[in-house]
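As structure tokens, the structure follows; a few thoughts come after it.
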Amino acid sequence: MIRKCLVRSLVGVLSLWATSAALAHAPSGAIFTTVADGSEVNFNIYPSKEAVYLDGGPGPGAPQTAAGLDDGVYVFQVTDPSGKTLLSTDTAANRRFTVTNGVISTVAPGTHVTGHDVDHDATTVQLMPYKDTPNNGGVYKVWVVREEDFALGVGEFGFTLAQGLAKVDVGVKANNKHGFIPSHCKTDNFKVRKNVPIEIDTRFYDSVTGEILDGLTVTWTDTLGSSNDKHSYWAPELKVYHEAHVESVETGTHTITIDDGHGYAINHIHCPDGTVIYGPGAVQVTIPQNQNKELTIFIDVEVDVQ
């Protein structure tokens, strides 16, 4: 009888693990920082911490075929770029929101002010309250993870989901930043009051006509292994010139993954170091230590329009 009970318990544990593991990946779509009405800010540089709001959905410049966030309940946090220092000061339970039809629909009652995205008819969430970043460049990182994956993260510290949500911080491990496992998360970077833009811009060209193209997608993977989708678009008032731009990037190595998309195939990729990748590929871009001057790194891609 004891042996049968042990076998059944083991089967139950393995079943639960398999179910959790199946959920353990970054959600689709993108997140991005905005002001309250969903408008973008030049280079993701904000005049104050209070001005920064979180938005979900396909993201600026996304094509009509782009997906929003997967529907469900999410948790967010604000950290320094390394993820080591948690800057959010309220409990994780207060930092929850619900996504419906690909956009943020409701926010947990508590400490966070909400706004309204005039373009997507969605709710935006003010990131305050959070502390000043210790980063010399004034860079902050916002993270978003599905609640079920947050449960996996806090579980690594020995807490249940309810216990993790009741805390401000559960701790840090090598690949677990306060209950947020990087490979399960969407992230975006922003700055407050610092005016030195550092960005990685990807431009797409028709391989036959040379025309520069909008609405094409890259996936940015940051220095910690978290990812987010970015799209090429035209917004000269924001100094975005037909680029998929990743702004306020931190020191270290980032990866820009460029794949075939709806209606086009990657012909070749011109990397910043002068090498060429034929077909789809991933480009590694390293931001040097103590970069305190304006820096834009370009990746140029030729595509075959189908």
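Only a single criterion out of (1) under 15 Å from the mean Cα position of the chain (by Cα); (2) at pLDDT 75 or above is not satisfied by I45, namely (1). Checked against (1) closer than 15 Å to H245 by Cα; (2) part of a strand (DSSP E or B), V303 passes all but a single condition, namely (1).
When D90 is evaluated against the numbered criteria (1) in a helix (DSSP H, G or I); (2) at pLDDT 90 or above; (3) surrounded by fewer than 20 Cβ atoms within 10 Å (Cβ to Cβ), which criterion, by number, is the only one it fails? All conditions pass for D90, except number (1). Going by the structure shown, is Y233 among the hydroxyl-bearing types (S, T, Y), touching an Asp or Glu at 6+ places or on another chain (Cβ under 9 Å), farther than 21 Å from I31 by Cα and assigned by TED's automatic domain parsing to the domain that holds L213? Criteria not met by Y233. Among residues of the stretch 200-218 being in contact (Cβ under 8 Å) with a residue 40 or more places away in the chain and among the hydrophobic types (A, V, I, L, M, F, W, C), the one that is nearest to E302 (Cα to Cα) is F204.
Against the test of being within 30 Å of L295 (Cα to Cα), of a type in the set (K, R) and touching a Pro at 6+ places or on another chain (Cβ under 7 Å), the options K131, K177, K141 yield a single qualifying residue, K141. Go through (1) more than 24 Å from T286 (Cα to Cα); (2) surrounded by fewer than 17 Cβ atoms within 10 Å (Cβ to Cβ); (3) touching a residue at least 60 places away in the same chain (Cβ under 8 Å) one by one and return the number of the condition S183 breaks. Checking S183 against (1) more than 24 Å from T286 (Cα to Cα); (2) surrounded by fewer than 17 Cβ atoms within 10 Å (Cβ to Cβ); (3) touching a residue at least 60 places away in the same chain (Cβ under 8 Å), the one that fails is (1). Of the listed requirements (1) buried (at least 17 other Cβ atoms within 10 Å of the Cβ); (2) among the β-branched types (V, I, T); (3) more than 27 Å from F43 (Cα to Cα), V168 misses just one: (1).
Cβ separations smaller than 7 Å between residues 6+ apart or across chains give the following pairs from the stretch 220-249 residues that are under 14 Å from I287 (Cβ atoms) and in contact (Cβ under 8 Å) with a residue 12 or more places away in the chain to residues that are in a strand (DSSP E or B) and of a type in the set (D, E): V246/E199; E247/E199; V249/E199. In the set A174, A151, only one residue is at pLDDT 95 or above and either assigned by TED's automatic domain parsing to the domain that holds N101 or not hydroxyl-bearing (S, T, Y) (or both); that residue is A151.
Just so you know, in the stretch 134-163 the residues that are among the hydrophobic types (A, V, I, L, M, F, W, C) and part of a loop (DSSP other than H, G, I, E, B) include one that is nearest to F97 (Cα to Cα), and it is F159.
The values are calculated or read from the model by the stated rules, or taken from the named source; none is laboratory data. For clarity, every value in this text was computed on a predicted model and none was experimentally measured. Heads up, the Cβs are rebuilt from the backbone with ideal geometry, glycines too, and the neighbour counts pull from every protein chain shown.
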